[in-house]
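Undergrad: Take a look at this one; I'll ask things after.
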Amino acid sequence: MTAYLGEFAALATAALFTVSSTLLTLASRRIGSLMLNRVRLVLAVGWLLLAHALLRQPLPLNVGADRWLWLGLSGIAGLAMGDAFLFQAFIYVGPRLTMLMMALAPAMAGILAWIFLGESLSTSQLLGIVVALAGIAWVVNDRNQKPGAAPEDRRQYWLGILCGLGAATGQASGLVLARPGALGIPAVSATLMRMLAATIVIWLYTLLRGQAGDTIRKLSIQRPALWLAVGGSFFGPFLGVTFSIFAIQHAAIGVASTLMALTPVLLLPVGYFFFKEKFGWQAAAGTLLAMAGVALLFL
């Protein structure tokens, strides 16, 4: 069992992001995606500082400038830029089509890790990635919404596709950039370093745009959204990202990122029972196909 700690952490990441995405979706409907991104990063930094205190882990102040560089770039790419594209894609084309684009992230991560980190994957792992990605794409594609005939609908559709691709690229590059900086230090410390870099960049941009005051005022009015963001930041940017760092520390990036990409599959029962969504045989068949891919990864 210990040989698969990285893989189990990646599966836990997918489950945690399922909970987080549900809570953050509800919050974004109240305060908007950009404002939510600013708030959840600050909340996540708070959770991570609390975790360091409870675990009696020293703050990562003396880990070396090279680690701060790699993890800082990773946070900016994956958590600041990647998630900004992700939330905007949710608005343009909805979560199902967005997650279809995000299913490309593992393949991108595997290619980037092969080019820059010299990682290699076995034949069964490559086959597992292909099968799991095919299942994920099939599941998400079951709920795709087609663009309307109006020009503005088509423009919004293609902007959403581009944002989804940007989100997948940000996630993949963020994982690859995190690997050199995260090895050999606690996952919670690496996550804090990534989150701090992303938070600083996002809030500097917010201050330059003069939107900090508006963010605080809107949160004071939308208290339910704040509590949803608190829960979402706990399960996603705090626990989820920490587990994802642990996963890439103990498993190949291509395998770990594929298992993390199972979130849209796990969202199917959430959508059915929580949001009362309907789905057909295609989603069920895609789920089974994705699970078969996961089984191949463990072999």
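Undergrad: Enumerate the helices (runs of 4 or more DSSP H) found wholly within the range 146-234, keeping only those where 1 or more residues are within 17 Å of the chain's Cα centre (by Cα) and under 21 Å from Ala89 (Cβ atoms). Please lay out each step first, then the result.
TA: Numbers: elements: 151-182, 187-208, 212-221, 223-233.
Answer list for the range 146-234: 151-182, 187-208, 223-233.
Undergrad: For residues that are of a type outside the set (D, E, K, R) and surrounded by fewer than 16 Cβ atoms within 10 Å (Cβ to Cβ), tally how many sit in the range 60-78.
TA: Count: 5.
Undergrad: Just a yes or no: is a residue in the range 220-238 farther than 14 Å from Leu41 by Cβ, surrounded by fewer than 17 Cβ atoms within 10 Å (Cβ to Cβ) and hydrophobic (A, V, I, L, M, F, W, C)?
TA: Checked the range 220-238: at least one residue is farther than 14 Å from Leu41 by Cβ, surrounded by fewer than 17 Cβ atoms within 10 Å (Cβ to Cβ) and hydrophobic (A, V, I, L, M, F, W, C).
Undergrad: OK, next. Those residues that are in contact with a helix residue (DSSP H, G or I) (Cβ under 9 Å, 6 or more places away or on another chain), in a loop (DSSP other than H, G, I, E, B) and surrounded by fewer than 18 Cβ atoms within 10 Å (Cβ to Cβ), I need them from the range 101-118; list them, please.
TA: Leu117
Undergrad: Separate question: Which fully enclosed helices (runs of 4 or more DSSP H) of the range 1-100 have 1 or more residues being closer than 20 Å to Gly160 by Cβ and without any contact (Cβ under 8 Å) to a residue 24 or more places away in the chain?
TA: The helices (runs of 4 or more DSSP H) meeting that bar are 5-31.
Undergrad: Within the range 132-142, is even one residue of a type in the set (D, E, K, R) and either modelled with pLDDT of 85 or more or more than 17 Å from the chain's Cα centre (by Cα) (or both)?
TA: So far as the range 132-142 goes, yes, one or more of its residues are of a type in the set (D, E, K, R) and either modelled with pLDDT of 85 or more or more than 17 Å from the chain's Cα centre (by Cα) (or both).
The values are calculated or read from the model by the stated rules, or taken from the named source; none is laboratory data. Being a predicted model, the structure only gives us computed values, none of them experimental. Note: ideal-geometry Cβ built from the backbone for every residue, glycine included; neighbour counts use all protein chains shown.
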